[in-house]
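First the structure, in the form of structure tokens, and then the observations on it.
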Amino acid sequence: MEKYKKSLKLQNVLLILGILCLAAVQVLSFCGVLTPAVQDEHWAGFWAGLVAGAAFGITILFVIGLVINLRALRNEAALKKLYAKEHDERTAQICYYAQSWAYRICTLGLLVAIVIAGYFSPTVSLTCLAIVFIQSVTGALFKLYWHKRL
Amino acid sequence: MKTRIRELRKARKLSQEELAEAVGTTRQTITSIEVGKYTASLPLAYKIAHYFGLTIEEVFDFSEIE
């Protein structure tokens, strides 16, 4: 449990750093120092709002994570519960299956998108191709890694 | 896979939550094992059997596998 406590403390440091960075981005954005590189003024306003909203949402998620970790670090029962939840084998298997299926479906979708987008926008088509390429290379590298480890 | 977990748990008047806490897992996992939707890993099966003071074969029914 001591090892887990240490990992939670490290997680907290990273979360605090993330919160500070996101807060800085939001302040700079609010002050007009950071503006999205969009030419059209109306679109720039919409885009700035979207980015600010996303940053705020991620900050909230980080804060929730931090509160959960801090509560667990102060209370032994909560710590045990969090440990069991994070290390639960069934949850891990559910995540594995869900992500594995999501990966396959997204790859298939992207392959179809490469062809369809090819008729309308070469940029979108090439972006999809790049994503599939990066995804495949990353997947192959991880497969090699796990073949050696297991 | 069929198991005797529910029967053993009831005999000891244990809740799923209490058993889950004792073996370091979640209540949902215990529920899934009890109803046969999920097959426990060897370490978890050992922990459950050990908790009841029995062997794995006495808690889990391997007849369907054989």
Computed ³J(HN,Hα) along segment A:118-131: with the Karplus parameters 6.51/-1.76/1.60, θ = phi - 60°, integer Hz and x for glycine or proline, the list is x, 7, 10, 9, x, 4, 5, 4, 5, 4, 4, 4, 5, 4
Any lysines with Cα under 28 Å of the A:K5 Cα? List them, leaving off those in the same chain fewer than 8 positions away.
-> A:K80, A:K81, A:K85, B:K47
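What net charge is computed for the residues neighbouring B:R6, neighbours being all others with C-beta under 12 Å from the C-beta of B:R6, Lys and Arg scored +1, Asp and Glu -1? Before the final figure, lay out the partial values.
Working: positive: B:K2, B:R4, B:R9, B:K10, B:R12; negative: B:E7, B:E34.
Net charge in that neighbourhood comes out at +3.
What is the sum of charges around A:K5, taking Lys and Arg as +1, Asp and Glu as -1, for the other residues whose C-beta is under 12 Å from the C-beta of A:K5? Don't skip to the answer; put the middle values down first.
On the way: positive: A:K3, A:K6, A:K9, A:R74, A:K80; negative: A:E2, A:E76.
Net of charged neighbours comes to +3.
Could you order A:C21, A:C128 by accessible surface area, starting with the largest, using a probe radius of 1.4 Å? Could the numbers behind the result be given before it?
Details: A:C21 85, A:C128 15 Å².
Descending accessible area places them as A:C21, A:C128.
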Interface residues in segment A:69-95 - accessible area drops by 40 Å² or more relative to the isolated chain, probe 1.4 Å = A:A84, A:D88, A:E89, A:R90
The distance between the Cα centres of segment A:113-133 and segment B:8-66, in whole Å, is 50
Binning every alpha carbon pair distance of chain A at 10 Å from zero, what are the percents per bin?
-> 9, 20, 27, 30, 13, 2
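Treating the beta-carbon of each Lys and Arg as +1 and of each Asp and Glu as -1, no other charges, what is the dipole magnitude of the protein assembly as shown about its Cα centre, to the nearest 20 debye?
Working: 24 positive and 17 negative charges, 128 e Å.
My answer is approximately 620 debye.
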Once the piece of chain linking A:C21 and A:L126 is laid out straight, how much longer is it, given 0.36 nm per residue of separation minus the C-alpha distance between them?
-> 34.6 nm
What list of ³J(HN,Hα) values in whole Hz, one per residue of segment B:40-52 in order, does the Karplus curve 6.51 cos²θ - 1.76 cosθ + 1.60 (θ = phi - 60°) give from phi, with Gly and Pro shown as x?
-> 5, 6, 4, x, 5, 4, 5, 4, 5, 4, 4, 4, 8
Take A:D40, project a point 7 Å from its Cα along the Cβ direction, then tell me which residues of segment A:116-139 have their backbone nitrogen under 12 Å from it.
-> none
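The values are calculated or read from the model by the stated rules, or taken from the named source; none is laboratory data. Because the structure is predicted, anything quoted here is derived from the model rather than measured. FYI the Cβ positions are ideal-geometry reconstructions off the backbone, even for glycines, and counts take in every protein chain you see. Quick note on the areas: whole protein, heavy atoms, side chains included, nothing else; ligands and nucleic acids left out. Shrake-Rupley method; radii C 1.70, N 1.55, O 1.52, S 1.80 Å.
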